[in-house]
2 protein chains.
Amino acid sequence: MNSVAKHLMSHGIRPSIQRIAIMQYLMGHATHPTVDTIYKDLHDDIPTLSRTTVYNTLALLEEKNAMMSITIDSHNVRYDGNANPHAHFQCRKCGMIFDSELNVTDLQNIKYPKGFDAQQVQVFYYGTCGKCREKEAMEKGKQIN
Amino acid sequence: MNSVAKHLMSHGIRPSIQRIAIMQYLMGHATHPTVDTIYKDLHDDIPTLSRTTVYNTLALLEEKNAMMSITIDSHNVRYDGNANPHAHFQCRKCGMIFDSELNVTDLQNIKYPKGFDAQQVQVFYYGTCGKCREKEAMEKGKQIN
DNA sequence: TTTCAATTTGTAATTTTTACAAATTAATAA
DNA sequence: TTATTAATTTGTAAAAATTACAAATTGAAA
């Protein structure tokens, strides 16, 4: 049995063709794809694949902690094959999302609301990425005023 | 001039009736309302208010840093009259969002992607709130098995 | 096999958000 | 003030994302 199927089974998920394909896609693409991207890319290989199956499967994978979803902007939910906690950086210019390690002890000073039992934490940074800043600098350089 | 109008002007926003109403709503409701909630509540007082105006105004307020938006779940963008950085806790059972202080130094150990210039940070915790946990405990108590 | 349960599919509906042009309101200058 | 221009608001319609649901298919168990 392939490693993706094993990963699914270890999370209590029966490894159907579609589920393997979607999980494999997430593990091989650390690009935080949207539902639409996943659907369109996989549809080439599995022409009978349905959008609903992609939605259902992603919901299942997340519920079983085989991956995680991030809603870093208002336009689309993104999916991340890595279910371990890590911070996300999004560039406001190009929209790209970068990963970064997150040491949970970094967050230990935050005060919890009374009685709240936290199961997951997400840290999102918004700003401008290196490439876009370089581009900006270039543009500025060209301007003579 | 009322304090809400002053707040808008201090952020470079001309204080129209609609803008004051929306900003005032956010300042008076720390409930992280959605666009729809804001629209429906204000529509009672300003029957001519348009949904588009709510969207446009919220975008403007955010751009000018008079408040901030949070996309803590995939269903709706939420709005927060407090533009200062603070952590958000969402209960997965009831959906409610709680605020908590966020000391930015708590996050200083996180490694940035090379060249990334961060302008904003969001910290989201997901879990179960005190009330929902109490409810759960009650339900369990009732079960005899 | 046969039966039953799980999974997938496709369509349609719902919800959220954006686009855009017309109407209204406010600001500026003659 | 009045005319002109700019800013803002409105409403409709379109686009995009998500969910609901029933039928069809596939897989597992008896």
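The values are calculated or read from the model by the stated rules, or taken from the named source; none is laboratory data. Only a predicted model underlies this, so the values are computations on that prediction, with no experimental measurement involved. Cβ atoms come from the backbone with ideal geometry, glycine included; neighbour counts cover every protein chain shown.
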Condition (residue is away from DNA strand D (no atom under 16 Å from the Cβ), at pLDDT 95 or above, of a type in the set (K, R) and closer than 27 Å to B:G130 by Cα) applied to region A:101-112: is it met by at least one residue? no
What number of residues in region B:36-61 are within 10 Å of DNA strand D (Cβ to nearest atom) and in contact (Cβ under 8 Å) with a residue 40 or more places away in the chain? 1
Exclusive hit being more than 10 Å from chain A (Cβ to nearest Cβ), surrounded by 13 or more Cβ atoms within 10 Å (Cβ to Cβ), in contact (Cβ under 8 Å) with a residue 12 or more places away in the chain and touching a Cys at 6+ places or on another chain (Cβ under 8 Å), set B:K93, B:K64: B:K93
Considering (1) within 12 Å of the chain's Cα centre (by Cα); (2) within 15 Å of DNA strand C (Cβ to nearest atom); (3) among the hydroxyl-bearing types (S, T, Y), say which one B:Y25 fails and leave the rest. (2)
Considering residues of region B:22-34 that are surrounded by fewer than 19 Cβ atoms within 10 Å (Cβ to Cβ) and within 15 Å of DNA strand D (Cβ to nearest atom) only, the residue farthest from A:S74 (Cα to Cα): B:Q24
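How many residues, within region B:67-90, are away from DNA strand C (no atom under 13 Å from the Cβ) and more than 10 Å from chain A (Cβ to nearest Cβ)? Walk me through how you get there before you give the answer.
As a first pass, look at region B:67-90 and keep what is away from DNA strand C (no atom under 13 Å from the Cβ): B:67-68, B:80-90.
Keeping just the survivors that are more than 10 Å from chain A (Cβ to nearest Cβ) gives B:67-68, B:80-85.
Of the residues in that region, 8 qualify.
Out of the residues in region B:43-57 that are over 19 Å from B:N76 (Cα atoms) and in a helix (DSSP H, G or I), state the one that is nearest to DNA strand C (Cβ to nearest atom). Give the steps one after another, and end with the answer.
In the first step, residues of region B:43-57 are kept if they are over 19 Å from B:N76 (Cα atoms); the result is B:43-49.
Going one step further and asking which of them are in a helix (DSSP H, G or I), we end up with B:43-45.
Working: B:H43: 14, B:D44: 18, B:D45: 16 Å.
The extreme case among them is B:H43.
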Going by what's in this entry, would B:Y125 be described as away from DNA strand D (no atom under 16 Å from the Cβ), aromatic (F, W, Y) and surrounded by fewer than 17 Cβ atoms within 10 Å (Cβ to Cβ)? no
Being assigned to a strand (DSSP E or B) and either at the interface with chain B (Cβ under 9 Å from one of its Cβ atoms) or among the charged types (D, E, K, R) (or both) is the filter here, so list the residues in region A:96-124 that pass it. A:F98, A:D99, A:S100, A:E101, A:D117, A:A118, A:Q119, A:Q120, A:V121, A:Q122, A:V123, A:F124
Does any residue of region B:125-144 turn out to be more than 30 Å from A:K114 (Cβ to Cβ), in a helix (DSSP H, G or I) and either among the aliphatic types (A, V, I, L, M) or over 15 Å from the mean Cα position of the chain (by Cα) (or both)? no
Verdict on B:R19 being touching a residue at least 40 places away in the same chain (Cβ under 8 Å), near DNA strand D (Cβ under 8 Å from one of its atoms) and either of a type in the set (S, T, Y) or more than 14 Å from chain A (Cβ to nearest Cβ) (or both): yes
